[in-house]
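The values are calculated or read from the model by the stated rules, or taken from the named source; none is laboratory data. Since the structure is predicted, the reported quantities are computational estimates derived from the model, not experimental observations. Note: ideal-geometry Cβ built from the backbone for every residue, glycine included; neighbour counts use all protein chains shown.
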Amino acid sequence: MSTGWKILDQSMPYFVTFQVVRWIDIFTRKKVRDEFIRNIRFCQKNKGLELYAYVIMSNHAHFIMRSSNDNLSGVIKDLKSYTSKAVIDILIVEEQNKRDWIFPLLLEAGKNNSRNKYHQFWTQDNHPVELYNNEIIMQKLNYIHQNPVRAGIVEKPEDYLLSSARNYADMEGILDVIKLTITQSKL
């Protein structure tokens, strides 16, 4: 069933959100977080993913992204699908070593969704917002960078290691981004 949230113009940049089912705090686990970052880099190098901004929180991530191949929906699908499979593999290994409460929740979420066969890691929707003017771009860029500040994790956006706020502050970030240069029009 369609929710009305669609990427209509595959050539435009979009603000998108990836949310882990049940808001599970999975990215607090270094192996899982590193795998997600590795998959983003792979898509940048091999799938035409252009990344303009990002923040990875404990249970969701926000991005401003575009596809140089005019196939943003396909890039997102590949990124989410591969990350989901890789995280499940990580959790299966951890489950063998200790009792893990996350894996059963992902299995239950998958069982309750007809689109999945076994498990579900991400929620279905990305809530894409097309960034068609400077005002919306600045709003979403600030929203992304302020996310860890609003959560009370850091005082300044550039202090959060898992955010492009570092790139925009001319500091080293964990992911390469194409910095947006937006000129404010004078009224």
message = Among the residues of region 33-40, are any modelled with pLDDT of 95 or more, part of a strand (DSSP E or B) and buried (at least 21 other Cβ atoms within 10 Å of the Cβ)?
response = no
query = Can you name the residue in region 101-132 that is of a type in the set (Phe, Trp, Tyr) and at pLDDT below 90 and, of all such residues, is nearest to GLY74 (Cα to Cα)?
reply = TYR118
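Let's see how each residue does on (1) farther than 18 Å from THR123 by Cα; (2) over 13 Å from the mean Cα position of the chain (by Cα); (3) among the polar types (S, T, N, Q):
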site: ARG29; (1), (2), (3): yes, yes, no
site: ILE37; (1), (2), (3): yes, no, no
site: TYR52; (1), (2), (3): yes, no, no
site: MET57; (1), (2), (3): no, no, no
site: LYS85; (1), (2), (3): no, yes, no
inquiry  = Condition (residue is out of contact with any strand residue (DSSP E or B) (no Cβ under 8 Å at 6 or more places or on another chain), modelled with pLDDT under 95 and within 29 Å of ILE182 (Cα to Cα)) applied to region 5-22: is it met by at least one residue?
reply    = yes
key: Checking TRP5 against (1) within 23 Å of VAL93 (Cβ to Cβ); (2) touching a Pro at 6+ places or on another chain (Cβ under 7 Å); (3) of a type in the set (Phe, Trp, Tyr), the condition it does not meet   = (1)
remark   = Considering residues that are in a helix (DSSP H, G or I), crowded, with 16+ Cβ neighbours inside 10 Å and in contact (Cβ under 8 Å) with a residue 40 or more places away in the chain, the number found within region 41-72 is 2
request  = Kindly indicate which of ASP78, ASP70 is touching a Lys or Arg at 6+ places or on another chain (Cβ under 8 Å), closer than 24 Å to VAL177 by Cβ and among the acidic types (Asp, Glu).
outcome  = ASP78
